[in-house]
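Contents: one structure, followed by commentary.
The values are calculated or read from the model by the stated rules, or taken from the named source; none is laboratory data. Keep in mind that what you see is a predicted model, and the values were worked out from it rather than measured. Note: ideal-geometry Cβ built from the backbone for every residue, glycine included; neighbour counts use all protein chains shown.
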Amino acid sequence: MASSSIRRLCHWGPIAVLGIIKLITWAMVHLIGMWWPPQESLGGALHAAMFLGFAAATLYYFLQSLLEGPGFVPIGWEPVKESDKQYLQYCTVCNGYKAPRSHHCKKCM
């Protein structure tokens, strides 16, 4: 489990996004320090703390979405409204409806 989580991180896409997040955070920390130094005023300190909180939340939610995975639709799932069935694909292997952007098996893809 842990090795597959690490392998998800070691592709060019996630590495590029992490680099962009790092670059933007680094640049903003230096710009905040020049324009509104946090050590000189309470407003500057609150501004820097709020920015760093948002940067940390961005990084946290990116890693959560990367490492957690998209989940799956349980076997036998059906839409709540009967009228919605006409818009969904039916998988004959799983004997169930395929929700949009989800898969039960390799045949559903």
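Points worth noting:
- Qualifying residue in region 63-83 (condition: at pLDDT 85 or above and acidic (Asp, Glu)): yes
- Selection within region 56-97 - part of a loop (DSSP other than H, G, I, E, B) and closer than 30 Å to residue 18 by Cα: 69, 70, 71, 72, 73
- Applying the condition of being among the charged types (D, E, K, R) and free of Cβ contacts under 8 Å to residues at least 40 places away in the same chain to region 1-26 and asking which residue is surrounded by the most Cβ atoms within 10 Å (Cβ to Cβ) yields 22.
- For residue 29, the stated conditions hold: it is part of a helix (DSSP H, G or I) and without any contact (Cβ under 8 Å) to a residue 24 or more places away in the chain.
- Options 44, 53: the member that is in a helix (DSSP H, G or I) and surrounded by 15 or more Cβ atoms within 10 Å (Cβ to Cβ): 44
- Residue within region 67-78 that is of a type in the set (Val, Ile, Thr), surrounded by fewer than 10 Cβ atoms within 10 Å (Cβ to Cβ) and under 30 Å from residue 98 (Cα atoms) present: no
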